[in-house]
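The structure appears right after this line, and notes come after that.
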Amino acid sequence: MTVMDEAARSAVIPRGRPAGRGDGGERSAMSYAFIALYAVLTIAFGILPALYAVYLAFTDGDGRFAGIANFTKVMGDFRFLPAVAHVALYLVMWLVALVVLVSFLAIVVHTVRVRWLSKTLRLVFYLPGALAGASSVLLWLFVLDPTASPVSGLLHLMGFSSFVQVIVPANLPPVFAVIAFWTGAGGWIVIMYGALNNISRDVIEAARIDGASTVQIAWRIQLPLLRKWISYMGIMSLAAGTQLFVEPQLLSQASNAVVPNDYSLNQLAYQYAFQQNDFNGAAAISLLLLVVALALSAVFVTRGGLFERG
Amino acid sequence: MTTVDAGRHARRPSGVSGWSGRTIVAVVVAIFVLFFVIPMVWLLLATTKSAHGLIVDHPFLPGSLGDLAANWDQLFGFQDGAVTAWVGNSALYAVGALIITIIASIPAGYAMALTEFRFRRSLLVLTLIVMLIPNTALVLPIFLELNVVGLIGSPLSVILPMSFFPFGVYLTYIYFSTSVPRDLLAAARLDGCTELQVFTRVALPLAAPVVALVAFFSFVQSWNNFFLPFVMLPSSDGYPVQVGLTSLLASTPAFNPSSAGAQSVQLPTLALATVISVLPVLIVFLFAQRFLVAGMTAGGTKE
C-alpha cells in the first residue's frame with residue numbers, strides 16, 4: 001500500500017508540544033525560515049486578494065465607500081437570479097447523482113472478488129478524471145453533437161437531431177451534471193473504495209454469520225461507515241460546483257451564444273470585470289461566492305472531524 | 001481464501017442479492033462502464049479519421065494513419081505552430097509552479113509538523129480552510145490584485161498563484177507528523193546537528209514519497225487549470241493548451257459557422273487537440289491511482 005496510508009495507520013504521534021522548546025531562540029527562528037516562502041504566498045495569493053476584493057466590493061469606481069451599493073446592484077441585475085437558479089439546479093442534479101451513484105458503484109466494485117476485474121473497473125471509472133476542464137467539455141461537445149456523436153442513435157432516440165437542440169437552456173443543468181459526473185466520479189469511487197477497504201473484515205464476517213445479505217451489509221454497515229467520506233465529497237463538490245465557469249463558457253462559444261455567456265455566477269462576475277469594466281461589481285459577486293466557499297470549508301474543518309488538527 | 005469464499009456463497013441468503021439481483025447490478029455496472037469508456041475510446045479513434053469519415057464511417061472503426069498524419073499537420077500548422085507554443089506554455093507554467101510549490105511546501109509542512117513556533121496553529125487552520133476552497137474562487141480577486149501591480153499577461157501572473165498550494169503543505173504536514181518520529185530529530189540534535197541540518201540531513205532524505213505526492217497533485221491541477229490563465233493572459237501567445245483549445249474551438253466551422261476560412265479546424269483535428277491537451281496528465285494518471293487515494297485520504301483515517 002501507499003506511504004500515506006501506512007503513515008496514517010501507524011501510531012499517531014502524541015499531539016503534545018515538542019520536547020525542549022525551552023531552548024527556543026535558534027529553533028523558532030529556523031521555523032520561521034522554513035515557513036517563510038509559504039507564508040508569503042499565502043499572504044499574496046490568499047489573504048491579500050480576499051481583502052482587496054472586500055475593499056473593492058464596498059467602494060465605488062472612485063474609491064469612495066459605497067456601503068452595500070455594489071451588492072444591491074449585482075443582485076438586482078436581471079441576470080443574477082437566473083444565474084443563481086442555473087447553478088443551483090445543476091448542483092442539485094450533480095450532487096444527488098454523485099452521492100447515490102458513487103456510493104453504489106464503490107460498494108459494487110468492492111464486492112467484486114475477481115482481482116483484475118475490480119482493478120480494471122476502478123481504472124475505467126477513474127481515467128476520465130485526467131480530462132478536466134476544457135478538454136472534457138470539448139469531448140462532450142462531440143458526444144452531444146448528433147452529427148458526429150458515437151451515440152448519435154441514442155440522441156436521435158431522445159429526439160435530438162442537431163447540436164442546438166441538445167443544448168437548449170433547459171437541458172444544460174443535466175448536461176453539465178453529466179460532464180461533471182463523467183470527469184469527477186471516478187476519483188471519488190477510487191477513494192470510497194479505499195475507505196471501504198479500511199472497514200475491518202471481522203465486522204463484515206460477523207454480519208455474514210448473523211445472516212446479513214450483501215444488500216443489508218451495504219446498507220447497515222458500509223454506507224454508515226462511508227458517511228464521513230460522502231459528506232467530504234458533498235462539501236467539496238458543492239463548493240466547486242458553485243464556481244461553474246468553463247463548461248458554460250465553452251458551450252456559449254461553441255453554440256454561437258445559444259448558451260448565454262452570463263449563464264453562471266462566475267461568468268457574470270467575469271462579464272462585470274471584462275465587458276463592463278466594473279471591478280467593484282465583479283468583486284461583489286466574487287465575494288459572495290467566496291463567502292459561500294469559505295463557510296462550507298470552515299464548517300467542515302471545525303465540525304467535520306475528518307482532518308486532524310495539531 | 002477461495003475455500004472460505006465458496007462456503008460463504010453457499011450460505012448467502014437469497015433475495016435481492018440472489019441471482020436476479022446480481023444480474024441487475026451487473027447490467028447497471030456495465031452501463032456505467034460504457035458511459036465512462038465510450039467517449040474516451042471514440043475520441044482516440046476520431047483522431048485517425050478525416051472530417052468526412054468521422055460522420056459517415058462507423059464510430060468505432062479506426063480510420064487510417066494517413067488521416068491521423070493529416071490531422072496532425074493541420075493541428076500543428078494552426079496559426080503557424082500556435083499549438084506547439086501552447087503546449088510549451090502549459091509545461092512552463094505547470095513545471096514552474098511545481099518547483100516553487102515543492103520549495104515552499106516541504107519546509108513549511110515540516111516546520112508545522114515537527115517544530116514549534118508562534119503562529120503554528122493559526123497557520124495550520126488557515127491552511128485547512130483555504131485548501132478546501134475551490135481554486136477558482138480567488139481567481140478574480142487575484143486578477144484585480146495583480147492588475148494593480150501590473151503583472152497581468154506575464155507568465156508570473158499564472159505561475160505564482162498556482163504555486164500557492166495549501167493542499168501540498170497539508171500533505172507534507174500529515175506525512176511528517178505521522179511518519180517521522182520526533183525522537184529521530186531529537187537524536188540528531190543531541191549529535192550536534194543544527195536545526196537546518198536536522199531538516200536537510202534527517203527529514204529531507206525521508207521526504208521523497210511526499211514530494212512525489214505533492215508533485216502529482218500540483219502538476220495535474222496546474223496543467224488542467226483553465227480559469228486562472230483564461231483571466232490572466234489576454235494574448236494568445238501566452239495561452240496554455242487548455243485555454244488554447246478555446247481558440248481552436250472558435251475556428252471550428254462545425255461548431256462556429258462564422259469561422260469558415262483558411263484557418264478553419266476540422267472536427268478530427270479538434271479531437272486530436274483534445275487528446276494532446278490531456279496527454280501528460282493522462283500518462284501521470286495511469287501510474288498514479290494510488291497517489292490519488294493516498295492524498296485524498298491522508299489524515300482522514302483517524303477516527
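What Kirkwood radius, in Å to one decimal, follows from the Cα pairs of region B:78-235?
The Cα-based Kirkwood calculation yields 17.2 Å.
Putting +1 on Lys and Arg Cβ atoms and -1 on Asp and Glu Cβ atoms, find which of B:Ala186, B:Gln242, B:Leu54 reaches farthest to the positive end of the dipole of chain B.
Sorting the options by dipole projection puts first B:Ala186.
Determine, for A:Lys119, A:Lys73, B:Lys49, the number of other Cβ atoms within 10 Å of each Cβ, and report the residues in order from fewest to most. Working shown, then result.
Values: A:Lys119 13, A:Lys73 17, B:Lys49 26.
Ranked by crowding around the Cβ, least crowded first: A:Lys119, A:Lys73, B:Lys49.
Once every DSSP H run of n ≥ 4 in chain B is given -39500 (n - 2.57) and the sum is divided by its residues, what mean residue ellipticity at 222 nm do you get, rounded to the nearest 500 deg cm²/dmol? Mind dumping the intermediate values first?
Numbers: 15 runs with 208 residues, N = 303.
Counting only the DSSP helices, I get -22000 deg cm²/dmol.
Using +1 on the beta carbon of Lys and Arg, -1 on that of Asp and Glu, and nothing else charged, what's the dipole of region B:82-297 about the Cα centre, debye to 20? Walk me through the numbers on the way to the answer.
On the way: 7 positive and 6 negative charges, 71 e Å.
Here region B:82-297 has a charge dipole of around 340 debye.
Excluding A:Ala53 itself, calculate the net charge of residues whose Cβ lies under 14 Å from the Cβ of A:Ala53, where each Lys or Arg counts +1 and each Asp or Glu counts -1.
Details: positive: none; negative: A:Asp278, B:Glu145.
Result for the local shell: -2.
Using DSSP H assignments, which helices in chain A have an axial alpha-carbon span of 24 Å or above and a mean Kyte-Doolittle hydropathy of 0.0 or higher? Please report the intermediate quantities before stating the final value.
Working: long enough: A:24-42 (26 Å, 0.76); A:80-111 (46 Å, 2.30); A:172-197 (37 Å, 1.40); A:223-241 (25 Å, 0.89); A:279-299 (29 Å, 2.29).
Flagged H segments are A:24-42, A:80-111, A:172-197, A:223-241, A:279-299.
Can you tell which of A:Ala283, A:Ala177, A:Ala240 shows the greatest fluctuation in a Gaussian network model of chain A with Cα springs below 10 Å?
A:Ala240
Take chain A, connect every pair of alpha-carbon atoms lying under 10 Å apart with a spring to form a Gaussian network, then pick out the residue of A:Trp182, A:Trp94, A:Trp116 with the largest mean-square fluctuation.
It is A:Trp116.
Rounded to a whole number of µm²/s, how large is the Stokes-Einstein D of region B:146-210 at 37 °C and 0.692 mPa s, given Rh as the Kirkwood radius over C-alpha pairs? Don't skip to the answer; put the middle values down first.
Details: Rh = 14.4 Å.
This corresponds to a translational diffusion coefficient of 228 µm²/s.
Let me know the charge dipole size of region A:162-277 about its Cα centre in debye, to the nearest 20, where only the beta-carbon of Lys, Arg (+1) and Asp, Glu (-1) is charged.
Details: 5 positive and 5 negative charges, 50 e Å.
Its charge dipole is roughly 240 debye.
Checking the a/c ratio against 1.5 first, then a/b against b/c, what shape does the Cα gyration tensor give for region A:205-310? Mind dumping the intermediate values first?
Values: a/c = 6.14, a/b = 2.10, b/c = 2.93.
Since a/c reaches 1.5 but b/c is at least a/b, the shape of region A:205-310 is classed as oblate.
Evaluate the charge dipole of region A:35-304 about its Cα centre and quote only its size in Debye, nearest 20, assuming +1 on the Cβ of each Lys and Arg and -1 on the Cβ of each Asp and Glu. Numbers along the way, then the final one.
Working: 13 positive and 10 negative charges, 196 e Å.
Once rounded to the nearest 20, the dipole reads 940 debye.
Using alpha-carbon positions, what is the distance between the centroids of region B:213-246 and region B:267-297, in Å?
So the separation of the two Cα centres works out to 14 Å.
Quick check: the distance between the Cα centres of region A:263-285 and region B:28-64, to the nearest angstrom?
39
Which helices, taking whole DSSP H runs in chain B, have alpha carbons extending 20 angstrom or more along the helix axis plus mean Kyte-Doolittle at least 0.0? Can you show the working numbers first?
Numbers: long enough: B:19-46 (39 Å, 2.29); B:82-114 (47 Å, 1.57); B:208-224 (24 Å, 1.37); B:267-287 (30 Å, 2.50).
Helices passing the filter in chain B: B:19-46, B:82-114, B:208-224, B:267-287.
Answer rounded, prolate or oblate for region A:24-96, using the Cα gyration tensor with square roots of eigenvalues a ≥ b ≥ c: rounded when a/c is under 1.5, else prolate when a/b is larger than b/c, else oblate.
On the way: a/c = 5.31, a/b = 1.71, b/c = 3.10.
Oblate shape, in that a/c is at least 1.5 and b/c is the bigger or equal ratio.
Let me understand chain B better: what is its radius of gyration from the alpha carbons, and its Dmax, in angstrom?
25.2, 76
For a test of the definition: using alpha carbon positions, the gyration tensor, and the 1.5 limit on a/c, classify chain A as rounded, prolate or oblate.
Numbers: a/c = 2.27, a/b = 1.08, b/c = 2.10.
Oblate, because a/c is 1.5 or more while a/b does not exceed b/c.
Where the eigenvalues come from the Cα gyration tensor of region B:16-71, what are the semi-axes √(5λ) of the equivalent ellipsoid, largest first, in whole Å? Each step should come with its number before you reach the end.
Numbers: eigenvalues 265, 16, 10 Å².
That gives 36, 9, 7 Å for the three semi-axes.
How far, in nm, would the chain grow between B:Arg290 and B:Leu156 when pulled straight, counting 0.36 nm per residue and subtracting the alpha carbon separation?
Details: separation 134, 0.36 × 134 = 48.24 nm, distance 3.17 nm.
45.1 nm is the gain from fully extending B:Arg290 to B:Leu156.
Between B:Phe255, A:Phe125, A:Pro173, whose Cα lies farthest towards the positive end of the dipole of the protein assembly as shown when Lys and Arg beta carbons carry +1 and Asp and Glu beta carbons carry -1, centred on the Cα centre?
The listed residue farthest towards the positive side: A:Phe125.
Enter the per residue convex hull volume of the protein assembly as shown, computed from alpha-carbon coordinates, in Å³ rounded to the nearest integer. Could you put the intermediate results ahead of the total?
Values: hull volume 107.7 nm³, N = 613.
Output value, Cα hull per residue: 176 Å³.
Grab the beta carbon distance between A:Ala85 and A:Asn198, set R0 = 56 Å, and tell me the FRET efficiency rounded to 0.05. Mind dumping the intermediate values first?
On the way: r = 40 Å, r/R0 = 0.71.
After rounding, the FRET efficiency stands at 0.90.
Quick one: if you stick a label point 7 Å off each Cα along the C-beta vector at A:Gln165 and A:Leu101, how many nm between them?
2.3
Between region A:37-85 and region A:153-216, how far is it from one alpha carbon centroid to the other, in angstrom?
Comparing the Cα centres of region A:37-85 and region A:153-216, I get a distance of 36 Å.
Principal axis extents for region A:36-194, Cα atoms only, whole Å, descending order, please.
65, 49, 25
No lab work stands behind these numbers, since they all come straight from the coordinates. As the structure is a prediction and not an experimental result, all values here were calculated from the model. Glycine also receives a Cβ, built like all others from the backbone with ideal geometry; neighbour counts cover every protein chain displayed.
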